[in-house]
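Engineer: I'd like to ask you about the structure that follows.
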Amino acid sequence: MLHHTVLRVIAKLLVPVILLFALYVQFHGEYSPGGGFQAGVIFASGIILYALVFGLDDTMRALPPGVLKILSASGVLLYAGVGLDTLLLGGNYLDYDWLADSPTHGQHLGIFLVELGVGITVASTMLLLYYAFTGREQGQ
């Protein structure tokens, strides 16, 4: 795609906006529609657009499958870790009230951490699926 100058310029403008919008959806999911799942899919779509326009090899060098597998597992561990932390603090699993001195602060912190774990897992898993569908993931 070296000769598609217009496509490359538009993608250079769109990819940062897509990634920024994904962060907006991630951090405002508690107050408005959105959250971790939606943000993860939007973030992955921005990276996939980059891969489609600039090449999969560059994308896989920046985000190798091994790193994505670690991120995917880390997101699940963050989600489960929040629940385990609430158990260790004396509450029920994912009872966010136990995470801070005030139940309101605990709710905000718990939702933020759980949605962050979901976002990380969804984005990295979507990219791993994209790599698998392109047939390039086996060699990594």
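The values are calculated or read from the model by the stated rules, or taken from the named source; none is laboratory data. All values derive from a computational prediction rather than experimental measurement. Heads up, the Cβs are rebuilt from the backbone with ideal geometry, glycines too, and the neighbour counts pull from every protein chain shown.
Engineer: Criterion first (farther than 20 Å from V67 by Cβ and either surrounded by fewer than 17 Cβ atoms within 10 Å (Cβ to Cβ) or at pLDDT 95 or above (or both)) does D95 satisfy it? Break it down into steps so the answer makes sense when it comes.
Structural biologist: On the way: farther than 20 Å from V67 by Cβ: yes; either surrounded by fewer than 17 Cβ atoms within 10 Å (Cβ to Cβ) or at pLDDT 95 or above (or both): no.
When the stated conditions are applied, D95 does not pass them.
Engineer: Inspect the stretch 119-139 for any residue being part of a helix (DSSP H, G or I), out of contact with any strand residue (DSSP E or B) (no Cβ under 6 Å at 6 or more places or on another chain) and among the charged types (D, E, K, R) and give the result as yes or no. Give the steps one after another, and end with the answer.
Structural biologist: Residues of the stretch 119-139 that are part of a helix (DSSP H, G or I), as a first pass: 119-134.
Remaining after also requiring out of contact with any strand residue (DSSP E or B) (no Cβ under 6 Å at 6 or more places or on another chain): 119-134.
After this cut, where a residue has to be among the charged types (D, E, K, R) as well, the list is none.
No, the stretch 119-139 contains no residue that is part of a helix (DSSP H, G or I), out of contact with any strand residue (DSSP E or B) (no Cβ under 6 Å at 6 or more places or on another chain) and among the charged types (D, E, K, R).
Engineer: Being buried (at least 16 other Cβ atoms within 10 Å of the Cβ), closer than 30 Å to S45 by Cα and among the hydroxyl-bearing types (S, T, Y) is the filter here; which residues of the stretch 65-92 pass it?
Structural biologist: Correct list: S72, Y79.
Engineer: Could you check, for the stretch 19-27, whether at least one of its residues is of a type in the set (V, I, T), farther than 28 Å from T134 by Cβ and either out of contact with any strand residue (DSSP E or B) (no Cβ under 8 Å at 6 or more places or on another chain) or surrounded by fewer than 13 Cβ atoms within 10 Å (Cβ to Cβ) (or both)? Before you say what the answer is, go through the steps one by one.
Structural biologist: Residues of the stretch 19-27 of a type in the set (V, I, T): 25.
Filter once more, keeping what is farther than 28 Å from T134 by Cβ: none.
Checking the stretch 19-27: not a single residue is of a type in the set (V, I, T), farther than 28 Å from T134 by Cβ and either out of contact with any strand residue (DSSP E or B) (no Cβ under 8 Å at 6 or more places or on another chain) or surrounded by fewer than 13 Cβ atoms within 10 Å (Cβ to Cβ) (or both).
Engineer: Any residue in the stretch 82-108 that's more than 17 Å from V118 (Cα to Cα) and among the aromatic types (F, W, Y): show its pairings with residues that are assigned to a loop (DSSP other than H, G, I, E, B) and at pLDDT below 95 at Cβ separation under 9 Å, as long as the two are six or more apart or on different chains.
Structural biologist: Listed pairs, sorted by first residue: W98/L89; W98/G90; W98/G91; W98/N92.
Engineer: Can you confirm whether D57 is surrounded by 14 or more Cβ atoms within 10 Å (Cβ to Cβ) and of a type in the set (D, E)? Break it down into steps so the answer makes sense when it comes.
Structural biologist: Working: surrounded by 14 or more Cβ atoms within 10 Å (Cβ to Cβ): no; of a type in the set (D, E): yes.
No.
Engineer: Of the conditions (1) modelled with pLDDT of 95 or more; (2) within 30 Å of Y50 (Cα to Cα), L113 satisfies every one except a single condition; which number is it?
Structural biologist: (1)
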